[in-house]
Amino acid sequence: MKTPIHPNTQLLFALLSCFAFCSINAQVRNPKYGQADSFRQLDEILPTPTEARLASGAPGPKYWQQRANYEIDVELNDEDQTLTGRETITYQNVSPHTLTYLWLQLDANIFSPTSDSSLTATAPSLDRISTTALQRLQARHAFDGSVQITEVSDSKKQPLKYTIVKTMMRIDLPAPLRSGETFVFSVAWNYKINNSKVVPARTGYEYFEDDGNYLYEIAHWFPRMAAYTDYTGWQHKQFLGRGEFTLELGDYLLRITVPNDHIVASSGVLLNPDQVLTDAQRERLEAAKEAGKPVFVVTPEEAAANESNKPTGKKTWIFKADNVRDVAFASSRKFIWDAQQHSVEGKDVMAMSYYPKEGEPLWSRYSTHAIIHTLNVYSRYTFTYPYPVAISVNGPVGGMEYPMICFNGPRPEDDKTYSKRTKYGLISVIIHEVGHNYFPMIVNSDERQWTWMDEGINTFLQYLSEQEWEENYPSRRGRPKDIVQYMRSTRQVPIMTNSESILQFGNNAYAKPATALNILRESILGRELFDFAFKEFATRWEFKRPTPSDFFRTMEDASGVDLDWFWRGWFYGTEHTDIGISNLRLYTLESPDPDVEKTEKKKERDAEPETLSTKRDKPLPKRVDQFPELKDFYNDFDKLDVTEIDRKNFKEFMEKLDDDEKQLLNENRNFYVVDLENLGGLVMPVIFDIQFDDDTHEELRIPAEIWRHNNRRVSKLIITSKPIAKLTLDPHLETADVDRENNHWPPQIVKSRFKLFKDKKGKNDMQKARGDEDEDKQ
Amino acid sequence: MRSQMLGRFDVTFVVVCALFACASSSSSAHPFHVSFAEAEWNAGTKSLEVALKLHPNDLEQALRRLTKRRIKLEANAAEAAIVKYLRNTFVVKDKKKRNAALTWVGSEISVKEAWLYFEFSLPDGLENISITNSVMSHVQGQKNTVFIRDGKRRTTLVFSEHQVALPVKFTSSKPQTAPLITP
């Protein structure tokens, strides 16, 4: 009989179901089973393929992307730290659509006291705030680094109507811009450059009190075309500080005017070395082509002399950068400059580093080497580095990437010594930032929407590059065991969360996707399949703009492995790996021979312990002993006695078996059933180390699909010829299992880090040394 | 900082704080301003045993701020400064809101991480205690996670610049997903 449900209960039930549905993110729940299907295809989640973005993950025959070429004149004023520029943009409407307005990014408007970034930030805890932070607050309050637009005009110098919407600017076109047409217009602007010490950002200047000089690292410094795309129209989400840049590719001509004693490093190739470099510097730059190691173009001695100089005028450095989505530059009279030309898969690239004396001796030793190493490794996994230069600059910015140029912060101590941490910190950050040339500068993903598409993929390749720098390189992220603490934590959002809404930003957008890709490569696809599919993704989308679905689809399309469960778990969910052994049962085959089997069973019965009562009742006099006539057949009959019928049945049974079946019976196999529980929720491969009685080992690797019928509990049959002594799950720590205590049979207590440390501490160094001596004597 | 501020100044101040917080959210290679602690309840000794992992560079910077001099973590002098720093920034209060005594156990410093080991004596047990964790609060956007284990019970606390003190409450270790119906 059906129990009627009260209307209120129905409503509550509906609400609860809705909540349950919403809470199991990206999962479609089956109400008659109670489990979400972890292996369901991502049909509801991925966008429908089009002829621009194919179901295979490749760009299709109707793929398009806009293009914008820039000619920019800019002057850096070293007296008041301002920047003044004028640009002419040639915008090509490659899209099949007619446009009536254009959107540009004015990123420097983030430095306005009334920017959205400022207004929407929530309050910090005021209970504890450092004095330096307070100083910064005060300095920042007084600073307005927003962009002043002084001209927006068409190619005939006629003013164009424009509207500034915080960090974006809309220009209304005088006539609709049809598909295939080009629009040329100019913008002039100026702004105050931020002092990195008090307003740290991705751009800014550093003032050196000792010598009174400035070092500038200049980025997101000119009005840039916002991207117009097939999947979201104009990408004009406001710049709130996290989601970086989404830009169009194009060719740039830059004329950068600076004090005439400055050295300028910029995206692109220097077109006028004759006008800005000395004869000696040009000769050294030429020598760097063949030297095979870094060569000083500006020596430390020359830089030291420049530091005490005063400029006598201005110089204009001209650079050309083709097929880039952005340009950045650095300028200072303090720069030491070294260079080495290197052939990357047959293509010549000039690798160059610029740094003040404060970066020495670390920078001349490692920077240019790290650039070249990055180009070698990344090109092998993706495509040949296509640009003519690759630059690393030391200045106030901790680590930030732009096409052909990046800014990196680590420096030694004042006494020129440096810690191991600083050394590896520098090499790692250079690999990371130079690596960004591939993602997102060339594989031009939408950073404002998806941070992981460049940071996560880049951090993964950074890990591979670091491991090829030296053995056991101390990489901070990439290994599964290093992500465990984050995976276990609360307050998490899926990787597939908009850049501005991410919680635990670094772990979410860098470490988790990098680790996921590492696991996919090592434990799920294997290196060969993964590397083939990954290279396919990179080459398909070189100089194009992929979305996450293009990545997911290509990796499946090229590897030939259905990975929807993997993307669903790692990229759309927040569950973690925690697989545990809940039980292990042993089954052995009964022998059909009654003489063997019944004797065995008798032994087992006799081995059973006597109960206390039976033991105490034994000496009591029994009635059947007093009156033996009471005993009959059943008093003497033992059902485990072998009868003639048993023997006859066995004979008949054996006669029916063929030789193979007889051999199988004689093989004496053990049938173990191991019960597994998925406590973390994430479906992952099950990897066992089986240790046998004789101390030999066997590895059993079961794909994640073992969870396809039941993603909570499964049992696995393991047939062995030798008895199992010990089972260990995830023996190589490759699945980021957050609780290793339930990974063992028989159960094993895993000591906490604290206890392990205390155990180690038990002996002091002298005792340990004495212990070593004792061992030596043995 | 004084918690009482008046009128317009109060409002302006908070806006400026907010403004600073976002203008500085840069440095794309090192957004990893996190610490992680594993804390385990030792019922035998009635103490909470803590292993705290920090970025060594951040820790060195914090010690420099505290002592106004440069201290290498590997130096012997570092230990006293670390203990002083922990007593200021990692506080456990018992159910009567009294500070639990911190006992220093030791440290392990490597290129990637600094592990600090210490314990808190809690004779009244683990119930209704609270933790204040403001380590590395000089770093903008710092997130501090503490994973606490007491036998089968476990919980995770996440501290940020917005929330430096939290009560310890245990949650179920089971994942929050749909109930299992065995076929």
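Taking a ≥ b ≥ c as the square roots of the Cα gyration tensor eigenvalues, with a/c under 1.5 meaning rounded and otherwise prolate when a/b beats b/c, else oblate, which class fits the stretch A:450-490? Oblate shape, in that a/c is at least 1.5 and b/c is the bigger or equal ratio.
Cβ-Cβ distance of residue A:660 and residue A:698, R₀ of 22 Å, FRET efficiency by 1/(1 + (r/R0)^6): the value works out to about 0.35. Between residue A:62 and residue A:98, the modelled labels are 1.9 nm apart [label points 7 Å from Cα along Cα→Cβ]. Candidate cross-link partners of residue A:289 among the lysines, defined by an alpha-carbon separation under 20 Å and a same-chain spacing of 8 or more, comprise A:320, A:347. Under the simplified labelling scheme, the residue B:69-residue A:709 pair shows an inter-label distance of 7.1 nm, with each label point 7 Å from Cα along Cα→Cβ. Sequence-ordered 3J(HN,Hα) estimates for the stretch A:37-50 from the Karplus curve with 6.51, -1.76 and 1.60 and θ = phi - 60° stand at 7, 5, 9, 4, 5, 7, 3, 6, 9, 7, x, 4, x, 10 Hz, glycine and proline given as x. Model label points for residue A:417 and residue A:589, set 7 angstrom from Cα along the Cα-to-Cβ axis, are 7.1 nm apart.
The trypsin sites (Lys or Arg not before Pro) of the stretch A:555-628 that DSSP puts in a loop, and whose beta carbon has at most 11 other beta carbons within 10 Å, are A:622. Bridging of residue A:237 to aspartates and glutamates at a Cα separation below 20 Å is possible for A:107, A:116, A:172, A:248, A:326, A:446, A:447, A:454, A:455, A:500, once same-chain residues fewer than 8 apart are set aside. Dividing the convex hull volume of the alpha carbon atoms of the protein assembly as shown by its residue count gives 293 Å³ per residue. Loop-resident GluC sites (Glu not before Pro) (DSSP state other than H, G, I, E or B) in the stretch A:58-103 with no more than 10 further Cβ atoms inside 10 Å of their Cβ: A:79. You can think of it this way: the chain between residue A:279 and residue A:670 has 132.5 nm of extra reach, that is 0.36 nm per residue less the Cα-Cα gap. Potential lengthening of the chain between residue A:82 and residue A:527 amounts to 155.2 nm, from the contour at 0.36 nm per residue minus the alpha-carbon distance. Calculation over all alpha carbon pairs of the stretch A:233-333 in 10 angstrom steps from 0 returns a P(r) of 13, 35, 30, 16, 6, 0 percent. Each of A:429, A:453, A:417 was scored by the projection of its Cα onto the charge dipole of the stretch A:402-455, and the greatest displacement toward the positive side belongs to A:417; charges sit on the C-beta of Lys, Arg, Asp and Glu. Take residue A:606, project a point 7 Å from its Cα along the Cβ direction, then tell me which residues of the stretch A:614-643 have their backbone nitrogen under 19 Å from it. Only A:615, A:636-643 pass the distance filter.
When restricted to Cα atoms, the stretch A:303-388 yields an Rg and a Dmax of 15.6, 48 Å, respectively. Using the Cβ-Cβ distance between residue A:347 and residue A:155 with R0 set to 35 Å, the FRET efficiency works out to roughly 0.45. Using the Cβ of residue B:70 as centre and a radius below 12 Å, the other residues enclosed give a net charge of +1, where K and R count +1 and D and E count -1. Legend: Rg and Dmax of the stretch A:29-96, from Cα coordinates, 24.3, 74 Å. Let a ≥ b ≥ c be the square roots of the eigenvalues of the Cα gyration tensor of the stretch A:487-551; is it rounded (a/c under 1.5), or, if not, prolate (a/b larger than b/c) or oblate? Oblate is the answer for the stretch A:487-551, as a/c is 1.5 or above yet b/c matches or exceeds a/b.
Assuming a ≥ b ≥ c are the square roots of the Cα gyration tensor eigenvalues, decide whether the stretch A:379-514 counts as rounded (a/c under 1.5), prolate (otherwise, with a/b larger than b/c) or oblate. Note, shape of the stretch A:379-514 comes out oblate.
When every Cα-Cα distance of the stretch A:594-748 is counted in 10 angstrom steps from zero, the calculated P(r) takes the values 8, 22, 21, 18, 18, 10, 3, 0 percent.
The calculated Kirkwood hydrodynamic radius for the stretch B:40-146 is 14.5 Å, given to one decimal from all distinct C-alpha pairs. In order along the stretch B:76-90, the phi-based Karplus estimate (6.51 cos²θ - 1.76 cosθ + 1.60, θ = phi - 60°) of 3J(HN,Hα) comes to 4, 5, 5, 4, 4, 5, 5, 4, 4, 5, 5, 4, 7, 10, 10 Hz; Gly and Pro are listed as x.
Structural descriptor for the stretch A:204-294: relative contact order 13 percent, calculated from alpha carbon pairs under 8 angstrom and at least 6 residues apart.
Going from the residue with the fewest nearby Cβ atoms within 10 Å to the one with the most, A:451, A:299, A:167 rank A:299, A:167, A:451. Here's the picture: charge each Lys and Arg Cβ at +1 and each Asp and Glu Cβ at -1 in chain A, and of A:61, A:642, A:373 the one pushed furthest to the positive end of that dipole is A:61. Bridge orientation summary for the protein assembly as shown: considering DSSP beta bridges with both residues in this region, about 85 percent are antiparallel. Applying a DSSP loop filter and a limit of 16 other Cβ atoms within 10 Å to the GluC sites (Glu not before Pro) in the stretch A:662-699 leaves A:667.
Taken about its Cα centre, the stretch A:151-210 carries a charge dipole of roughly 320 debye when the Cβ of each Lys and Arg holds +1 and the Cβ of each Asp and Glu holds -1. Only Cα pairs under 8 Å and 6+ residues apart enter the sum, and on that basis the relative contact order of the stretch A:470-615 stands at 23 percent.
Each value in this text was obtained by applying a stated rule to the coordinates, not by laboratory testing. Everything numeric here is computed off the predicted structure, so don't read it as measured data. Backbone-built Cβ (ideal geometry, glycine too); neighbour counts: all protein chains shown.
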